[in-house]
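Engineer: The structure under discussion is supplied below as structure tokens; questions concerning it will follow.
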Amino acid sequence: MTDVRQQVDRIDAELIALFAQRFACMDAAARIKQDRAAVRDEVRKAQVLEHVKQLAAEAAIPVPTMAAIWEMLVETSIGYEFEKWDQIRDV
């Protein structure tokens, strides 16, 4: 069990590093997007969620759970990007 727990801890650390990279992309998007309204893109959000569902199905892991996690991740990312967009432009 110790080995399993160590693997889980390692994976969690890798996930945090990957999330940091994802949020760095949100920083870049906030710099690139000139219009604040462009931060929320429902078409792109739907594409991301569909892609995650496909990946989860292919990986044989719970699709509804992954969709719910990604829904929260995407909404958190949008909120973060709005904050960064406003900070960059002193809104």
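Engineer: Hey, can you tell me all the residues within the range 79-89 that are under 14 Å from Phe23 (Cβ atoms) and exposed (fewer than 15 other Cβ atoms within 10 Å of the Cβ)?
Structural biologist: Gly79, Glu83, Gln87
Engineer: Quick one: what pairs do we get from the range 1-12, first residue in contact (Cβ under 8 Å) with a residue 24 or more places away in the chain, second assigned to a helix (DSSP H, G or I), C-beta under 7 Å, 6+ apart or different chains?
Structural biologist: Taking only residues 6 or more apart or on different chains, not a single pair turns up.
Engineer: List every residue pair whose Cβ atoms sit under 7 Å apart, with the two residues 6 or more apart in sequence or on different chains, where the first one lies in the range 70-87 and is closer than 13 Å to Lys33 by Cβ and the second, anywhere, is in a helix (DSSP H, G or I) and among the acidic types (Asp, Glu).
Structural biologist: Every condition considered, the pairs that remain are Lys84/Asp27.
Engineer: What's the number of the only condition in (1) assigned to a helix (DSSP H, G or I); (2) surrounded by 10 or more Cβ atoms within 10 Å (Cβ to Cβ) that Ile61 fails to meet?
Structural biologist: Single failed check for Ile61: (1).
Engineer: Confirm whether Ala37 is more than 24 Å from Ile16 (Cβ to Cβ), modelled with pLDDT of 95 or more, surrounded by fewer than 13 Cβ atoms within 10 Å (Cβ to Cβ) and among the aliphatic types (A, V, I, L, M). Break it down stepwise before answering.
Structural biologist: Numbers: more than 24 Å from Ile16 (Cβ to Cβ): yes; modelled with pLDDT of 95 or more: yes; surrounded by fewer than 13 Cβ atoms within 10 Å (Cβ to Cβ): yes; among the aliphatic types (A, V, I, L, M): yes.
When the stated conditions are applied, Ala37 passes them.
Engineer: If you don't mind, another one. Which pairs turn up if I take residues in the range 29-42 that are assigned to a loop (DSSP other than H, G, I, E, B) and look for partners that are not polar (S, T, N, Q) with beta carbon separation below 9 Å, at least 6 apart in sequence or on another chain?
Structural biologist: Lys33/Val39; Lys33/Glu81; Lys33/Trp85; Arg40/Ile78; Arg40/Glu81; Arg40/Phe82; Asp41/Ile78
The values are calculated or read from the model by the stated rules, or taken from the named source; none is laboratory data. The structure displayed is predicted, hence computed values, not measured ones. Every residue, glycine among them, receives a Cβ derived from its backbone with ideal geometry; neighbour counts consider all protein chains shown.
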